[in-house]
Amino acid sequence: MKLEIDGKLTDRPAVWWDSTNAIVRMIDQTKIPFQVEVHNCPTYRETAQAIKKMIIRGAPSIGAAAAYGLAQAVREFWNSDEFESQIKTAYNELLEARPTAVDLQNGLDFICTTEPLEPENALNRAQLFANRIAEEGQKIGQIGKELINTNMNILTHCHTGALALVDHGSALSPIIQAWQDGKRFHVYVDETRPRVQGRMTAWELCQYGINHTVICDSASGFFISQGKVDLIILGADRVTRNGDIANKIGTYNLAVLASRHKIPFYTAFPTSTFDYSTLTGKDIVIEHRDTIEVKQVSGCSQTLNRNHIVSLYTDEVKFSNPAFDVTPSDLITGYITPNGILNKSQLEKTLFNRHSHITKGTK
Ligand code: MRU
């Protein structure tokens with residue numbers, strides 16, 4: 001993606017391996033939309049921390065970051081007598097950084113199955129994993145743009161653009177490509193409390209000049225009931241074999257609304273988001289994040305031009321902060337994948353056959 005970093009226009013993915021300095025680098029998503037800054041991770045521990053703190057976020061991007069992180073661990077411990085146990089520790093630390101997005105586990109397992117598991121091979125494989133996600137994002141765009149017509153109103157949730165998917169995006173990719181083809185439409189962007197990923201969606205849409213309006217998550221029912229939404233496209237953090245999806249909290253609300261109002265409801269994702277070992281959404285572990293995310297908001301003060309954190313509540317108030325919810329497959333119209341727009345029955349067969357070489361690791 002094109003980004004202005006330190007006053008220079010550069011082409012960068014969301015996360016990459018810097019071979020000159022032998023470190024993992026990533027765009028710091030906690031600074032978007034106010035600043036574009038690069039965050040450096042010299043060791044796998046810093047990469048795990050960056051995933052945990054959402055400096056990098058979006059299921060496929062954190063999968064790529066985890067793959068790079070494990071490759072870093074292979075480099076770090078290569079000459080150690082305890083290589084195996086140290087790789088196991090690194091694997092677990094990276095895996096536990098964010099539990100819901102399966103891309104993270106798929107990325108780690110992809111590195112574990114490197115033959116032989118040595119530094120250069122592991123890095124090459126991490127790069128392969130990341131590049132494949134980016135390529136799939138582009139394909140998702142080509143395939144999914146056919147669902148979009150001029151004059152449509154599209155609603156999207158969370159952020160599914162280039163930063164979330166190494167490059168190109170998942171649900172945002174069809175929207176961008178349809179616009180680049182000359183179709184003219186409007187996008188409702190859910191703000192997506194508490195982390196307000198809608199800021200990033202709006203930031204990316206602004207870069208392409210795509211017509212959009214940010215709405216509070218709780219306003220989506222209002223616009224839908226007024227007949228102002230023709231199509232809902234969003235991403236996924238884990239897709240189980242029966243087609244259930246875990247996605248950003250608030251997705252289930254939208255799916256129920258879409259079903260009530262007969263609005264097509266699509267999820268777009270790369271193959272790294274498919275969970276080969278889980279049968280249904282009931283078995284997905286939902287990440288509960290620090291409740292400080294609900295209690296406080298952060299943003300840029302325009303007068304001081306720097307980031308501010310403010311509390312919305314007093315200290316005695318209690319909160320709960322589930323980061324994802326599960327939407328059952330019967331509420332999903334279709335799955336926009338790099339292999340086509342699939343229905344529930346095509347999903348498992350198509351994705352399982354194509355990526356059967358991503359096997360579960362033994363760590
Ligand atoms: O918690 P986040 O910001 O990492 O959320 C993940 C997401 O970006 C979304 O849930 C998205 O829809 C799937 S990732 C393209």
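What the table shows:
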read-out	value
Segment Phe223-Gln207, extension gain: residue separation times 0.36 nm, minus the distance between their alpha carbons	3.3 nm
Gaussian network model of the chain, Cα within-10 Å springs - most flexible of Leu165, Leu128, Leu254	Leu128
Accessible surface of Ser218 - all protein chains present, 1.4 Å probe, nearest 10 Å²	110 Å²
Label point distance in nm, Lys8-Phe319, each placed 7 Å from Cα along Cα→Cβ	3.9 nm
Violating pairs (Cα-Cα greater than 18 angstrom) within the set Lys145/Lys183; Lys228/Lys262; Lys139/Lys282; Lys53/Lys88	Lys139/Lys282; Lys53/Lys88
Rounded if a/c under 1.5, otherwise prolate or oblate - segment 248-292, Cα gyration tensor axes	oblate
Kirkwood Rh (inverse of mean 1/r, distinct Cα pairs), segment 228-353, angstrom	16.5 Å
Quotient of Cα Rg and 2.2 N^0.38 Å for the chain, N being how many residues it contains	0.96
Derived scalar couplings ³J(HN,Hα) [segment 4-18; Karplus, 6.51 cos²θ - 1.76 cosθ + 1.60; whole Hz; x for Gly, Pro]	9, 10, 6, x, 10, 7, 10, 9, 9, x, 5, 8, 7, 9, 9
Highest-fluctuation residue, Val285, Val15, Val310 considered, GNM on the chain with Cα pairs under 10 Å	Val310
Folded to 0 to 90 degrees: helix 251-261 orientation relative to the chain principal axis, Cα	30 degrees
GNM top mover of Thr350, Thr160, Thr337 - the chain, alpha-carbon springs below 10 Å	Thr350
Overall form of segment 140-223 per C-alpha gyration tensor (a/c, 1.5; a/b vs b/c)	oblate
With Cα atoms, 0 to 90° folded angle of helix 59-77 axis to the chain main axis	10 degrees
Alpha-carbon centroids, segment 9-51 and segment 144-171: separation in whole Å	23 Å
Positive-end residue of Val74, Ile23, Phe265, charge dipole of the chain with Cβ unit charges	Phe265
Cα Rg, Dmax, segment 141-351, angstrom units	17.3, 55
Pairwise label distance in nanometres, Thr291 with Arg45, each label 7 Å out on the Cα-Cβ vector	3.1 nm
Extension gain, Asp330 back to Phe34 (0.36 nm per residue minus Cα-Cα distance, nm)	102.6 nm
Calculated FRET efficiency for the pair Lys282/Ser259, C-beta based, R₀ 22 Å, to 0.05	0.70
Sequence of Phe222, Phe110, Phe319 when ordered by accessible area, the most exposed leading, probe 1.4 angstrom	Phe222, Phe319, Phe110
Surface accessible to a 1.4 Å probe, Met1 within the full protein complex, Å²	30 Å²
Antiparallel DSSP beta bridges within the chain, percent to nearest 5	60 percent
Linear extension gain, Asp81 paired with Thr303, 0.36 nm per residue minus alpha-carbon span	74.4 nm
Reachable aspartates and glutamates from Lys52, criterion Cα separation under 14 angstrom, eight or more residues apart if same chain	Asp28, Glu93, Glu96, Glu287, Asp290, Glu293
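The values are calculated or read from the model by the stated rules, or taken from the named source; none is laboratory data. Note that the structure is predicted; figures quoted are calculated from it, not measured. Here the Cβ is made from the backbone with ideal geometry for all residues, glycine too, and neighbour counts use every protein chain on show. Keep in mind that these areas ignore ligands, DNA and RNA; they rest on the heavy atoms of the full protein, side chains included. Shrake-Rupley method; radii C 1.70, N 1.55, O 1.52, S 1.80 Å.
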